[in-house]
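Note sheet for the following structure.
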Amino acid sequence: MTAPVYLDHNATTPMRPEAIEAVAAWQGVPSNASSVHGFGRRAKAAVEAARDAVAALIDTDATNVTFTASGSEANNLALRGLAGRRLLVSALEHPSVMATGADIGAGIIPATGDGLADLAALEELLAASDAPVLVSLMAANNETGVVQPVAGAAEI
């Protein structure tokens, strides 16, 4: 019998064995990185080492690396950090983006019948104002697998 092949990486990707090992090493260890006792200091050192490693991977300073508990938290942090500025979000975005965008008055980039962000509509929305803007467009839809025209949106 052939081993099953997992192809739903748009929804979730299985953890790499190295990540499973790293998490397993901390299971059952008191590890509140905000605590000042020895357990907390050890956990904080591990978090900071991870931050340094991620920073080195992307060639930036560790102060530019923020860890979040989930993609939804990361979306909220990124978008709410722009509150008061112009924001355009694709109608195809994850619910956490849509909810946050609605909360802060984002404009919506409509979708075509093919499940793609409508780049002509994006161009019109951008032309409506000279104000700086952030466009939120997922790379691949987690429900349909449709790969979005991110390069085309960036070009516009």
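The values are calculated or read from the model by the stated rules, or taken from the named source; none is laboratory data. Not measured: the values here are computed from a predicted model. Neighbour counts run over all protein chains shown; Cβ positions are idealised from the backbone, glycine included. These accessible areas exclude ligands, DNA and RNA; they are computed on the full protein's heavy atoms, side chains included. Shrake-Rupley method; radii C 1.70, N 1.55, O 1.52, S 1.80 Å.
Overview of values
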item: Exposure ranking of M138, M98 by accessible area [1.4 Å probe, largest first]; result: M98, M138
item: Other-chain or far-sequence residues with amide H under 5 Å of A111's (modelled H); result: A91, D118
item: Probe 1.4 Å - accessible area at E73, Å² to nearest ten; result: 90
item: Length added when fully stretched, V133-A74, from 0.36 nm per residue minus Cα-Cα; result: 19.4 nm
item: Taking the stretch 68-126 and dividing mean pair separation by its residue count, relative contact order in percent (alpha carbons under 8 Å, at least six apart); result: 29
item: Options G40, T100, L137, ranked by Cα towards positive dipole end of the chain, top entry (Cβ charges); result: G40
item: Approximate shape of the chain as ellipsoid semi-axes (Cα gyration tensor, √5λ), whole Å, largest first; result: 35, 23, 14
item: Local electrostatic count, I109, Cβ distance below 11 Å [Lys/Arg +1, Asp/Glu -1]; result: -4
item: Span-rule helices in the chain, defined as complete DSSP H runs reaching 24 Å or more along the axis (Cα) with Kyte mean at least 1.0; result: none
item: Over the chain, relative contact order from alpha-carbon pairs under 8 Å, at least 6 apart, %; result: 17
item: Rounded to the nearest 20 debye, dipole of the stretch 1-90 from Cβ charges on Lys, Arg, Asp, Glu; result: 380
item: Share antiparallel - DSSP beta bridges, the chain, percent rounded to 5; result: 20
